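**Q** Right, I'll just put the structure down here and ask away after.
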Amino acid sequence: MRRTHTCGDLRSKDIGKKVCMQGWVRFSRDHGGVEFIDLADSYGITQLVFDPEDVPNGSDRNEISEVLRSFTRESAVSVDGIVRKRVKGTEDPKNKTGDVEVLITKAEVLNRSKTPPFEIGDQKESVLPGEETRLRYRYLDIRRTEMSEALRFRHRFLSAAREYFDKSGFVEVETPMLTKSTPEGARDFIVPSRVHPGTFYALPQSPQLFKQLLMIGSMDRYYQVARCFRDEDSRSDRQPEFTQLDIEMSFVDMKDIQDTIEGLIAHVWKKIYSKKLKTPFPRISFGEAMSKYGTDKPDLRYGLPMHHITEIVKDAPYDIFQKVLSKGGVIAGFNVKSEIAKDRIGRNEIDRLIEFVKKNGLGGMTWMRATKDGLDSNIVKYFTPDVLSKLRKKMDVKENDLLFLLAGPEKNVLETGGTLRRKLADDLELIDPDVFKFAWIVDCPMFETDPASGKKGAFHHPFVFPTTPLDAENAGGASFDLVLNGSELGSGSQRIHDPEIQKEVFRMLGISEEKMESDFGFLLEALGYGAPPHGGIALGIDRMISVLLNKESIRDVIAFPKNKKGQSLLDGSPQKVDDEKLEELQILSIAIDDINIGDIE
Ligand code: ASP
């Protein structure tokens, strides 16, 4: 390799060395005949200088000058030179190589670049081109330090994780990509088989069933950096393909799995941040998370818990509350403590928050301010002194605190409360981006009902071991989620290892005996061969890295993501396939709009 140093390497100690640098021309400027060039690669930027009056012996001034003329922006170039100290006063302390520069003795264009569609610098988001342009020219976007650093961070994370698994006796096993459907709650991407016309593989929504089969096969500590595919309707921060750190263990219970993950994250933390991470993570029941924070993925970097006050105010002759209560609704609220509300929430701000609540599905919001004489608001008159005093106690009210009360159907109050909590935290700047708060959400339900269809579905997936009788009203499952700063990083569970219980769960989910056999016969059969008690978890790597790096979107930590509509703007996929290819597959492709239904017999 001719290159002796990357663009991030040189320091004062290298002064006087002969070096060969190769990289991209980021920026060049002419200062009274002396040419300065910023040479960049994904390690940094080094200043190159060509001074026609100061050309070292043996170098050809005219030749260098000629070559530099074709140093267009973003061209790949090679430069030989001598490291020297920058002229006093021109150092760049923000740049790690900013004390030195390389005096060019020879220059060569390795490959000329066309004019790039956007400037590749260390711009702040505001001067970046739109995301669609960045995705169309992703290879140029990756030349930006911010992007290449994100990919390097991701690599460091995964390599630390691999190190942990290795030392803990885990084995990485690859499970198939061409497989049968794995129910994780999304649609499958399907792949037609040419050899068996009319049949299809599914791309895995997760390696769930195969990792369970590995446990039955005695591979008692498995992990995989697994690519998963889920065909979901476009959601702004989901990707049709994504990466999971997938884990499964035998002869364990939920705590063993959680301990393993805490060990993993603590190890990665130590490696990446050289810091000790506090474990164990707090455990919060699903019910508590919903009732306190209005979400099953609470951000614990700030307080603002929701207080439920239905019981306290239920007899107050306040019309709005009475109407809600007569329909089975609830009343809950927040106490925005005076220390954080200070003088920051005035009348106008309260009106804006009321509008926000209305937009989020509730009829409105009632508020009260605590003065030194008690609670003050135009609705206080509806509450007896006894009710007010209970309210103060329950909501821990002190002078100058501000109370916001929400009334409505329970689901709406919780959801809107959760959104309002987040908005208050944003508005009042309660969130510290450098703090990371992990928690386990435990005691999850076994089933959930789809509000639209009324159909019963698995809360996580159908392989979770039940912790209560299955027909109990709120049947529980041995599953849990890991959350970090308001994002869900992954779900895990103790699995069902008894085929009879597994069948029972399928039955509860309305899966017929035939469907059970055709879709899951292989699993049921395998469970019958001494399946060990087992369990595992999968952590969403894209999400985890984006939270750790405080990125708005998971797309910012994926090298080649799809856009929000599931398209790859770089290679133009998905795209139509040639008719011959479809013929081979015995597939007919007709856009639904072109079909005259009468033609189909
Ligand atoms: N298969 C689950 C998922 O992809 C994770 C697990 O239960 O291990 O979410």
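The values are calculated or read from the model by the stated rules, or taken from the named source; none is laboratory data. All figures in this text were calculated on a predicted structure; none of them were measured in a lab. No Cβ is skipped: glycine too gets one built from the backbone with ideal geometry, and neighbour counts run over all protein chains shown. Only protein heavy atoms, including side chains, enter the accessible area calculation; ligands, DNA and RNA are left aside. Shrake-Rupley method; radii C 1.70, N 1.55, O 1.52, S 1.80 Å.
**Q** Residues of segment 357-375 being assigned to a helix (DSSP H, G or I) and open to solvent by less than 50 Å² (accessible area, probe 1.4 Å), which ones?
**A** Within segment 357-375, the subset assigned to a helix (DSSP H, G or I) is 357-359.
Once the filter is applied, which keeps residues that are assigned to a helix (DSSP H, G or I) and open to solvent by less than 50 Å² (accessible area, probe 1.4 Å), segment 357-375 yields only Val357.
**Q** Quick one: would you say Thr199 is buried (at least 16 other Cβ atoms within 10 Å of the Cβ), away from the ligand (no atom under 11 Å from the Cβ) and either within 17 Å of Val557 (Cα to Cα) or not hydrophobic (A, V, I, L, M, F, W, C) (or both)?
**A** Considered against the rule, which asks whether it is buried (at least 16 other Cβ atoms within 10 Å of the Cβ), away from the ligand (no atom under 11 Å from the Cβ) and either within 17 Å of Val557 (Cα to Cα) or not hydrophobic (A, V, I, L, M, F, W, C) (or both), Thr199 comes out as no.
Okay, residues lined up against (1) more than 25 Å from Leu527 (Cβ to Cβ); (2) modelled with pLDDT under 95; (3) assigned to a helix (DSSP H, G or I); (4) more than 15 Å from the ligand (Cβ to nearest atom):
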position	(1), (2), (3), (4)
Ser159	yes, no, yes, yes
Asp166	yes, no, yes, yes
Glu174	no, no, no, yes
Gln212	no, no, yes, no
Arg227	yes, no, no, no
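**Q** Report, ordered by the first and then the second residue, all pairs with beta carbons closer than 6 Å, sequence separation of six or more or different chains, a first member in segment 557-582 that is more than 20 Å from Ala150 (Cα to Cα), and a second member that is basic (Lys, Arg) and open to solvent by 90 Å² or more (accessible area, probe 1.4 Å).
**A** Pairs found: Leu569/Arg136.
**Q** Output the number of residues of segment 185-196 satisfying the condition of being within 15 Å of the ligand (Cβ to nearest atom) and either of a type in the set (Gly, Ala, Ser) or touching a helix residue (DSSP H, G or I) at 6+ places or on another chain (Cβ under 7 Å) (or both).
**A** The qualifying residues number 2.
**Q** Which residues, counting only those in segment 447-490, are of a type in the set (A, V, I, L, M, F, W, C), part of a loop (DSSP other than H, G, I, E, B), open to solvent by 10 Å² or more (accessible area, probe 1.4 Å) and within 16 Å of the ligand (Cβ to nearest atom)?
**A** Correct list: Phe459, Phe465.
**Q** Would you tally the residues in segment 339-360 being closer than 17 Å to Glu399 by Cβ and at pLDDT 95 or above?
**A** Qualifying residue count, segment 339-360: 0.
**Q** Hey, can you tell me all the residues within segment 206-243 that are more than 24 Å from Pro532 (Cα to Cα), among the polar types (S, T, N, Q) and crowded, with 18+ Cβ neighbours inside 10 Å?
**A** Correct list: Gln239, Thr243.
**Q** Any idea how many residues of segment 94-124 are part of a loop (DSSP other than H, G, I, E, B), without any contact (Cβ under 8 Å) to a residue 60 or more places away in the chain and within 28 Å of Ser12 (Cβ to Cβ)? Write out each step before concluding.
**A** From segment 94-124, those part of a loop (DSSP other than H, G, I, E, B) are 94-99, 112-124; that's our starting set.
Keeping just the survivors that are without any contact (Cβ under 8 Å) to a residue 60 or more places away in the chain gives 94-95, 98, 112, 114-119, 122-124.
In the following step, the residues that additionally are within 28 Å of Ser12 (Cβ to Cβ) were identified as 94-95, 98, 122.
The number of residues fulfilling the criteria is 4.
**Q** Is it true that Ile257 is within 16 Å of the ligand (Cβ to nearest atom) and either open to solvent by 10 Å² or more (accessible area, probe 1.4 Å) or of a type outside the set (D, E, K, R) (or both)?
**A** Working: within 16 Å of the ligand (Cβ to nearest atom): yes; either open to solvent by 10 Å² or more (accessible area, probe 1.4 Å) or of a type outside the set (D, E, K, R) (or both): yes.
It is true that Ile257 is within 16 Å of the ligand (Cβ to nearest atom) and either open to solvent by 10 Å² or more (accessible area, probe 1.4 Å) or of a type outside the set (D, E, K, R) (or both).
**Q** When segment 234-254 is examined, which residues are found to be under 21 Å from Gln208 (Cβ atoms) and either more than 16 Å from the ligand (Cβ to nearest atom) or not in a strand (DSSP E or B) (or both)?
**A** Of everything in segment 234-254, those that are under 21 Å from Gln208 (Cβ atoms) and either more than 16 Å from the ligand (Cβ to nearest atom) or not in a strand (DSSP E or B) (or both) turn out to be Arg238, Gln239, Pro240, Phe251, Val252, Asp253, Met254.
**Q** Only one of Lys551, Lys503 is more than 16 Å from the ligand (Cβ to nearest atom), free of Cβ contacts under 8 Å to residues at least 24 places away in the same chain, charged (D, E, K, R) and surrounded by 14 or more Cβ atoms within 10 Å (Cβ to Cβ). Can you tell me which?
**A** So the residue among Lys551, Lys503 that is more than 16 Å from the ligand (Cβ to nearest atom), free of Cβ contacts under 8 Å to residues at least 24 places away in the same chain, charged (D, E, K, R) and surrounded by 14 or more Cβ atoms within 10 Å (Cβ to Cβ) is Lys503.
**Q** Residue check: is Ile354 part of a strand (DSSP E or B) and within 26 Å of Lys297 (Cα to Cα)?
**A** For Ile354, the condition - part of a strand (DSSP E or B) and within 26 Å of Lys297 (Cα to Cα) - is not met.
**Q** State whether the residues of segment 417-430 include one that is within 20 Å of the chain's Cα centre (by Cα) and within 15 Å of the ligand (Cβ to nearest atom).
**A** no
**Q** Among the numbered criteria (1) open to solvent by 30 Å² or more (accessible area, probe 1.4 Å); (2) modelled with pLDDT of 95 or more; (3) hydrophobic (A, V, I, L, M, F, W, C), which single criterion is violated by Val55?
**A** Result: Val55 passes all but (2).
**Q** Still on this model: Given Arg156, Arg152, Arg138, which one is under 19 Å from Asn563 (Cα atoms) and touching a residue at least 24 places away in the same chain (Cβ under 8 Å)?
**A** Arg138
**Q** Open to solvent by less than 40 Å² (accessible area, probe 1.4 Å), of a type in the set (D, E, K, R) and closer than 24 Å to Ile261 by Cα: does that describe Arg154?
**A** Values: open to solvent by less than 40 Å² (accessible area, probe 1.4 Å): yes; of a type in the set (D, E, K, R): yes; closer than 24 Å to Ile261 by Cα: yes.
The answer is yes for Arg154.
**Q** Name the single residue that is nearest to Gln212 (Cα to Cα) among those in segment 465-493 being under 12 Å from the mean Cα position of the chain (by Cα) and of a type in the set (Gly, Ala, Ser).
**A** Of the residues in segment 465-493, the ones under 12 Å from the mean Cα position of the chain (by Cα) are 483-490.
With the extra rule that they be of a type in the set (Gly, Ala, Ser), the set shrinks to 486-487, 490.
Values: Gly486: 29, Ser487: 26, Gly490: 17 Å.
Only one residue fits best here, namely Gly490.
**Q** Right, Lys106: open to solvent by 90 Å² or more (accessible area, probe 1.4 Å), in contact with a strand residue (DSSP E or B) (Cβ under 9 Å, 6 or more places away or on another chain) and under 30 Å from Lys271 (Cα atoms) or not?
**A** no
**Q** Moving to a separate point now. I need the full set of residues from segment 67-88 which are farther than 23 Å from Ile142 by Cβ, of a type outside the set (Lys, Arg) and modelled with pLDDT of 95 or more, in order please.
**A** Val67, Leu68, Asp80, Gly81, Ile82, Val83 - these are the residues of segment 67-88 that are farther than 23 Å from Ile142 by Cβ, of a type outside the set (Lys, Arg) and modelled with pLDDT of 95 or more.
**Q** Another one. Go through segment 283-295 and give me each residue that's assigned to a helix (DSSP H, G or I) and in contact with a strand residue (DSSP E or B) (Cβ under 7 Å, 6 or more places away or on another chain).
**A** Within segment 283-295, Phe286, Ala289, Ser291 meet the criteria.
**Q** Specify which of the listed residues (Val87, Val127) is free of Cβ contacts under 8 Å to residues at least 40 places away in the same chain and either more than 30 Å from the chain's Cα centre (by Cα) or buried (at least 17 other Cβ atoms within 10 Å of the Cβ) (or both).
**A** On inspection, the qualifying residue turns out to be Val87.
**Q** Quick one: which of Pro317, Pro298, Pro280 is in a loop (DSSP other than H, G, I, E, B), under 29 Å from the mean Cα position of the chain (by Cα) and surrounded by fewer than 19 Cβ atoms within 10 Å (Cβ to Cβ)?
**A** Numbers: Pro317 fails: under 29 Å from the mean Cα position of the chain (by Cα); Pro298 fails: surrounded by fewer than 19 Cβ atoms within 10 Å (Cβ to Cβ).
When all the criteria are applied, what remains is Pro280.
**Q** Another question, if that's okay. Against the conditions (1) open to solvent by 10 Å² or more (accessible area, probe 1.4 Å); (2) within 16 Å of the ligand (Cβ to nearest atom); (3) among the aliphatic types (A, V, I, L, M), where does Leu524 fall short? Just the number, please.
**A** Here Leu524 meets the rest and fails (2).
**Q** List pairs: first in segment 441-462 and more than 19 Å from Lys503 (Cβ to Cβ), second outside any loop (DSSP other than H, G, I, E, B) and acidic (Asp, Glu), Cβ under 8 Å, 6+ apart or cross-chain?
**A** So the pair list comes out as Ile441/Asp481; Cys444/Asp481.
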